[in-house]
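**Student:** One structure, pasted below without further comment.
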Amino acid sequence: MGRRIRWLALVLALCFVAVLAQLVNIQLGKATALNATGANPRNSVNRYDNLRGLILASDGTVLAKSVRADAPRGASAFRYKRVYPTGPLYSGIVGYSSPAYYGTSGVEYAYDKYLSVHKRPAQTIGELLTTPGTTTDNVTVSVVPQLQKLAQEELADVPDTDKDGAVTVLSVKTSAVLAMYSSPTYTNNALATPTPKNDEAAHHADATEKDHEGFAAYPPMATYGAFAPGSTFKVVTSTAVYNLKKTLENFTFPVAGCTEPGAIPETKNIICNDATTPTAANPCGGTMTQMLPESCDPGYAELGLAIGATDLFKQAELFGFNQTSGIDLAPQTLSKSNFPTPAELAPEGSLGLPGVALSAFGQQTVTATGLQNAMVAEGIANKGVVMTPHVMTEIRNATGGLVEQYKPTVYKDAATASAAASVTKLMQLVASTPAGTAYDVGFTPQWDIAVKTGTAQAGPGNTNTTDWMIGFAPADDPVVAISVVVPLQARSASGAAIAGPIMKAMMTLALRIVPQTPPSTSTTTTKPADAAAPTVPANVRSVTPGSDAVTTSATAIAPAAARAIPDLPGAATVAAGTSATTTAVETWQTVVHAGRPPPVTWRASPCAAGRERRSRRPRLGGTCSR
C-alpha cells in the first residue's frame, strides 16, 4: 500500500512539473507569438476597432486619424473608421487603412505596427509587474504641405488636356520627401469605409479603371509609373565618363546634324538631332561642355558606344536602376527603373550595339520613375552620394514621448565628389547658356540652378512625348532636388516647355521656405553622418484606446525648450509653446539666407509669360529624346 502511494505521489509530482514547464514555455517562450497571432481574440477585436494613431505632416497638419464609425447597430463590425482630412492630396504618401477589405498601403502600411493598437511599453516598476495596457503611436512625415499643394496645382495647370504626371521634391542632404504628388490620384477616404462593398468598389475605381490618358490612380505614378527618361539620362551617361571612363573626358563629336552612316554598328540607321533626316537636323557637337547643354543626341549616342554597355549598366545601377528605392512605403506601390543588361546590349544580344547608342540618351528599353530621376539629381547634388529616400521623420507615443526618429542612411555611392562636381557644371549650363535647352524657361540667375531636360518619344507610333526636367539648387550648396515628369504630351511639346514651368514654380517656393545652410557652414563630407534628424512636435493628444473620439491638440506644445523643423539642413529652431500648425511654415518663410529675397505672399503663376516651347527632338527611325 505504501509503495503504491509513493508511486502515485511521484506521478503527480511529474505531472506538476510538466504543467509548470508548459506554463513557463507559454509565458516566456511563446508569449510573443501568441500575442501576435490572428487567432488571439484581442487582436481580432483590435482589428475590428480600426483604432490607429495620427499621421501628421511636417507642420503638424493631421493627414490621418480614427473617428467613431456612425454605422447603425449591426451594419458594421468596426467601432472606428479612418478619416483623411486632406483627402486625395496626400494619398500617394499616406496610403489607406481598409481593414474591411484591402488592408493598408503607404505610410499606413510601412508603420502599421506603430499606428495600430499595440502593447504599451512598461514605464514604471508597477507596470513591469502588471499588464501596462495598449496604446497607439503618431507618425510625422517630412512632407511640406505648401510644396505638396503647389505640385497639385502646377500639374492641373499643364497647358494640355492631358495633365497626368508626377512631381517629386527631395531634401538633398537626407533625401527626405518634401513633396511627392501624382496625378491622377485617388480618394483614400473612399477606401476606409467600414463596409466591404464600398471599399471594393472604390478600389476597383482607383486601381482598375483608367482615365482618358490610360493611367489608373493607384498605384501612384511618382513611385510606380516608369517612363523613358529621354535626355535626362544623359546625366547618368556623363557621370559614367567622369566616374568610370575618365579617358573620355575630352570626347568630341564633330559638329553635325546626324551620325555618319556606319557610325552605329549593326544598323544602317542614323541618329539625327531634332529631325528624321539630315537636311532637317539641327547641327550639334563638341565636347560634353557643348553637347549636354544643347542635348546633342547623335553625340551622346557615339559617346555611349565609347563608354560601352558594361560601364553604362554599372553607372545606372550605381544610381539605383534595376533595384527598388528603399523608400518607406508599401512595396506594391513601387516599381524598378530599368536599364538593359550588358548581355542584352552585346552584339549578339536582343538589343545589340544600336541599343547601347539609344540607351545612352534614355531611349530603347530604359525607363525611370519620377522618384528614381529625383534620386539621380539628388545624388549629383550631394557630391555623388545617393541617400535613402524616406517619408518618416519621427514617431511619438500618445503622451508625446519620442519612440523612433529617422536617421539618414546612404543608399548608393553613385560617383566620386569630383565626378559629381563636373556633371553639376554641365547641368548649370543647361539653364544659363543661350544654347541650353532650359535657357528659355527663365530661371532666376541667383538660384544658380542645375537642370536637365528630357523629351522622350512615346505613345502609339511615337505620336506623343514624355516630358521631363530634373534639377537642384543652389548648385554650390544644394538644398532641394526636384523631378517633374508629364507623360503623353503632344509631339510638338518638350521637357522645357511642359516640365520647365513646373520646375520653376516648385523651385521658387522651395528656395523661399526650405532652410538653407548658412554661408559659414561647410559641407565637406562625402557621406552625410548618421546623425539623428531634428524633431518636430507631434500633437500630444492622441487616440486613447477605448475613447469615443480622436482628440488632437490645436497648439501642440514641444516637449523640449526648443524644436527644429524635421530633416532639413540648417533648420531654424522654434520657441516652445507655439502652434505646431503654423510655426514651421512661418519659420521657413522668415528664416531666409543672406543673398535671398525677403519672403512675400507668393502665388504661383502657372501661365507665366516665359513658357516658350522648344521642340527639339532626336530621332533614329522615329526615336527622340530632348
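**Student:** On the given criteria, is Pro293 closer than 21 Å to Gln457 by Cα and either among the hydrophobic types (A, V, I, L, M, F, W, C) or modelled with pLDDT of 95 or more (or both)?
**Tutor:** Details: closer than 21 Å to Gln457 by Cα: yes; either among the hydrophobic types (A, V, I, L, M, F, W, C) or modelled with pLDDT of 95 or more (or both): yes.
It is true that Pro293 is closer than 21 Å to Gln457 by Cα and either among the hydrophobic types (A, V, I, L, M, F, W, C) or modelled with pLDDT of 95 or more (or both).
**Student:** Sort out which residues of the stretch 331-353 are open to solvent by less than 20 Å² (accessible area, probe 1.4 Å) and in contact with an Asp or Glu (Cβ under 8 Å, 6 or more places away or on another chain), and write them in order of number.
**Tutor:** Of everything in the stretch 331-353, those that are open to solvent by less than 20 Å² (accessible area, probe 1.4 Å) and in contact with an Asp or Glu (Cβ under 8 Å, 6 or more places away or on another chain) turn out to be Phe339, Gly352.
**Student:** Out of Gly106, Gly38, Gly2, Gly87, which single residue is of a type outside the set (Phe, Trp, Tyr), at positive phi and at pLDDT below 95?
**Tutor:** Gly87
**Student:** Which of the residues spanning the stretch 207-220 are out of contact with any helix residue (DSSP H, G or I) (no Cβ under 7 Å at 6 or more places or on another chain) and within 13 Å of Ser182 (Cα to Cα)?
**Tutor:** Selection gives nothing.
**Student:** Report, by residue number, each residue of the stretch 257-290 that is surrounded by 17 or more Cβ atoms within 10 Å (Cβ to Cβ), closer than 30 Å to Ile449 by Cβ and in contact (Cβ under 8 Å) with a residue 40 or more places away in the chain.
**Tutor:** Gly257, Ile271, Cys272, Asn273, Asp274, Ala275, Met288, Gln290
**Student:** Something else: How about the stretch 397-415: which of its residues are touching a helix residue (DSSP H, G or I) at 6+ places or on another chain (Cβ under 9 Å) and either among the hydrophobic types (A, V, I, L, M, F, W, C) or surrounded by fewer than 18 Cβ atoms within 10 Å (Cβ to Cβ) (or both)?
**Tutor:** Val403, Glu404, Asp413, Ala414, Ala415
**Student:** Got at least one residue in the stretch 383-396 being surrounded by fewer than 17 Cβ atoms within 10 Å (Cβ to Cβ) and not acidic (Asp, Glu)?
**Tutor:** Checking the stretch 383-396: not a single residue is surrounded by fewer than 17 Cβ atoms within 10 Å (Cβ to Cβ) and not acidic (Asp, Glu).
**Student:** Taking the criterion of being of a type in the set (S, T, N, Q), modelled with pLDDT of 95 or more and under 20 Å from the mean Cα position of the chain (by Cα), would at least one residue in the stretch 233-254 satisfy it?
**Tutor:** Within the stretch 233-254, none of the residues are of a type in the set (S, T, N, Q), modelled with pLDDT of 95 or more and under 20 Å from the mean Cα position of the chain (by Cα).
**Student:** Of Ala190, Ala166, Ala222, which residue is aliphatic (A, V, I, L, M), in a helix (DSSP H, G or I) and in contact with a Ser or Thr (Cβ under 9 Å, 6 or more places away or on another chain)?
**Tutor:** Ala222
**Student:** Also, I was wondering about something else. Looking at the stretch 89-108, which of its residues are assigned to a helix (DSSP H, G or I) and surrounded by 24 or more Cβ atoms within 10 Å (Cβ to Cβ)?
**Tutor:** Tyr90, Ser91, Gly92, Ile93, Val94, Gly106, Val107, Glu108 - these are the residues of the stretch 89-108 that are assigned to a helix (DSSP H, G or I) and surrounded by 24 or more Cβ atoms within 10 Å (Cβ to Cβ).
**Student:** Could you pull out the residue among Ala226, Ala222, Ala216, Ala256 that is over 30 Å from Tyr96 (Cβ atoms) and of a type in the set (A, V, I, L, M, F, W, C)?
**Tutor:** Ala256
**Student:** Go through Val235, Val241 for me and flag whichever is assigned to a helix (DSSP H, G or I), over 18 Å from Gln364 (Cβ atoms) and either open to solvent by 10 Å² or more (accessible area, probe 1.4 Å) or among the β-branched types (Val, Ile, Thr) (or both).
**Tutor:** Answer to the selection: Val241.
The values are calculated or read from the model by the stated rules, or taken from the named source; none is laboratory data. Keep in mind that what you see is a predicted model, and the values were worked out from it rather than measured. For neighbour counting, all protein chains shown are included, and Cβ atoms are generated from backbone atoms with ideal geometry for every residue, glycine included. Accessible surface areas use protein heavy atoms only, side chains included; no ligands, DNA or RNA. Shrake-Rupley method; radii C 1.70, N 1.55, O 1.52, S 1.80 Å.
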